[in-house]
Every structure is written in structure tokens, then in C-alpha cells.
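Taking it in order: structure first as C-alpha cells, then the write-up.
The values are calculated or read from the model by the stated rules, or taken from the named source; none is laboratory data. Computed from a predicted model, the values in this text were never measured in an experiment. So basically every Cβ, Gly included, is an ideal-geometry build from the backbone, and we count neighbours across all protein chains shown. Keep in mind that these areas ignore ligands, DNA and RNA; they rest on the heavy atoms of the full protein, side chains included. Shrake-Rupley method; radii C 1.70, N 1.55, O 1.52, S 1.80 Å.
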Amino acid sequence: MEEHPYLFLAVLAGTALVFCLTPLLIARAWAAVFNAAKPGEVKQQVYECGVEAKGDSWVRFHVGYYRYAIVFLVLDVEALFLLPFAVAFGGLSWGASVVILLFLLLAVEGLVWAWKRGALEWA
Amino acid sequence: MVEEGLRNELSRQNIFLTSIQELYNWGRRNSLWPLNFGLACCAIEMIAASMARFDIARFGAEVFRPSPRQADLMIVAGTVTKKMAPMVVRLYNQMPEPKYVIAMGACAISGGPFKRGYNVLKGIDRYIPVDVYIPGCPPRPEALLHGLITLQRKIAGERLTGPERPRHLRELEPSEYPIPAYGPYDLDPPKNTELWHPKPFVRDA
């Protein structure tokens, strides 16, 4: 019988699943037979330093970094296009060079716009 | 259960028998993870016990955990002031079952040299159940190791089923104990009366 070339993937995935599930099942069975879980109000508190927790762990973080991160992410992805451009720079036709410069202009324009709107200021 | 004689005979032939209870206790007592938590000078001895010279790792208890969620063993190492007692009890409550407590040093046992003081708790066993008491001021690292071995012996004798099973296996026994609050003069309540049953002191005539 011909063995499927990707059979080993299925075998590995199955082993991984059994490897993960067995301890969980043993733990469940153990809890059911011998040792019932004992959750409690203090036990479930979010803070672990002995001091009473104030509020819960769903706190809001400052929004200041958000716009900064978005601008960085956009320009970071755009910078990816510059790498092949730099590599192929010597053999590019005039048309291709103009297109990539146009793209760069748009990116810089976006940065200037975000800068003017105050996105790069920490407030 | 297998007879002791038969078991010895089999182990001589390289056949080892065990029960779930023994396996469970063996695994737990040889990997006690203490809470990384010190209160006073006893903690220095505890630190010394964990370092190379005394090496608590020989007994499987070197993994000091910074979070109560990952710890099995609370070593109350040092003077428990009344300011600190609620934190100690809260940390104990946040530890998962099964959990054990070693009261290390005279202060943790009884208040020690500060017993007459206004601000020191006269023994942590007023609020949480203590398994092993280690006397000394402070106890030497060897004494802590001895206390740890004593606790390991206690764990080895624990039953999984039956009326003599330990606290954490009883469904109705609490896993948390009431946390005292700061009162105007003392902690409120000053002790957990359900837990703390001191023997009455009788002075010799």
C-alpha cells in the first residue's frame, strides 16, 4: 500500500493532541474522584502580593500611544516596498522609477499630514 | 494492598509495586514549591538554606515561587507583625490546594522575643493551620531542612480516602480562612477560634 506523503503530519498532530489532552483528563478525573476544586473570593483575586485588590484587571491603558503605533505600522509596511526598489534600482526603467517616487511622495505626505494633526506628540 | 514482605522480595527481583496514593504522595513531597516570601531575620536563614552550602534543592524544594498561585508551601519565616498578618493570611488563601505551612522561628510560632510587644502577632497559627513548627531564634538552615523533611514525612503518611484523609481532600473543609482586619487596638478578630486550640498552661506547683 502506498503511504500518503503527508501521513506523518496527521500522526504528529494526533500525538500532540493526545499529549495535551491526557493530563487535562487526568486532572479532571482526579478532581472528580478525590479532590474537588475549592474556588473562593480571595483565592480568585487578581492581585498576588497579599494586599487587597482594588478594582479588577480590566483597566484602561492610555490612548496616547495608539496613533503613534498606527502611523509606525503603516510606514513600516510601506518601507517593505522600498527594499526591492533599492535592490533593482540600477536596472529600472524611467516609468518604474517615477511610479515608486510617486509612492514615496504619498507615504511622506501621509506622514506630514499625521505629524501636522499631532499624531506624533505624546499627550 | 501488597504485603511488605512480598514487596521487598519483588523489589529484590527489580519489580516495583506502588499504589496511586503512594505515587501521589511521593510526587508531592519531593517537589514542594515554597512561596518566595520572608518576613524578618529567619528569611536570611531560609535564603542561606536555598543556596549552595545547605542546598535545599537536595530535597526538591528549591523552586521558590514569587506568586502564591504556584506555591505549595508557605514558610512563615520571621516576625509576623499585626500590620503584616492580614497579608500573610491573604497570601495563604490565594495558594492552591494542597498547601502546607511551616512556622519558622520563635516569632512565627509564638511572637518570640516580641511576645509582650503591642504590635506582634503571637503566633501565625492563630489564623492559618501550621503543619510544622521549627523553634530557634533564628533556626539554622539545617533546622529548616529538618523541618522540611518532617513535612515530607507527614505528606508521605497522608491518606487519599477514608475518614483520616487530610484537610484539602475533605470537601466541606474551607480552603480559605477569614482575614483579620485592623481594629482600634488589635486585629479583629484577634484569633480564629475554630482553628486555634492552645493547650491550657499549667504551672508546676
Which numbered condition A:Ile70 fails, given (1) aliphatic (A, V, I, L, M); (2) surrounded by 12 or more Cβ atoms within 10 Å (Cβ to Cβ); (3) outside the structural domain of A:Ile100 (by TED's automatic domain parsing): (3)
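Tell me whether region A:56-69 contains one or more residues that are within 30 Å of B:Met84 (Cβ to Cβ) and either among the aliphatic types (A, V, I, L, M) or in contact with a helix residue (DSSP H, G or I) (Cβ under 9 Å, 6 or more places away or on another chain) (or both). Outline the logic, then answer.
So the first thing to find is which residues in region A:56-69 are within 30 Å of B:Met84 (Cβ to Cβ), and the list is A:56-59.
Going one step further and asking which of them are either among the aliphatic types (A, V, I, L, M) or in contact with a helix residue (DSSP H, G or I) (Cβ under 9 Å, 6 or more places away or on another chain) (or both), we end up with A:59.
Yes; the residues of region A:56-69 include at least one that is within 30 Å of B:Met84 (Cβ to Cβ) and either among the aliphatic types (A, V, I, L, M) or in contact with a helix residue (DSSP H, G or I) (Cβ under 9 Å, 6 or more places away or on another chain) (or both).
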Residue in region B:151-158 that is within 14 Å of chain A (Cβ to nearest Cβ), of a type in the set (Asp, Glu) and under 20 Å from B:Arg28 (Cβ atoms) present: yes
Complete set of residues in region A:45-62 that are of a type outside the set (Gly, Ala, Ser) and loosely packed, with under 10 Cβ neighbours inside 10 Å: A:Lys54, A:Asp56, A:Trp58, A:Val59, A:Arg60, A:Phe61, A:His62
A:Pro23 vs. criteria assigned to a helix (DSSP H, G or I) and either within 14 Å of chain B (Cβ to nearest Cβ) or touching a residue at least 24 places away in the same chain (Cβ under 8 Å) (or both): yes
Subset of region B:1-52 that is of a type in the set (Val, Ile, Thr) and part of a helix (DSSP H, G or I) - its residue that is least open to solvent (accessible area, probe 1.4 Å): B:Ile47
Filtered residue count, region B:167-194, keeping only those that are within 14 Å of chain A (Cβ to nearest Cβ), open to solvent by less than 70 Å² (accessible area, probe 1.4 Å) and in a strand (DSSP E or B): 1
Some residue of region B:57-75 being under 20 Å from B:Gln152 (Cα atoms), more than 17 Å from the chain's Cα centre (by Cα) and not β-branched (Val, Ile, Thr): yes
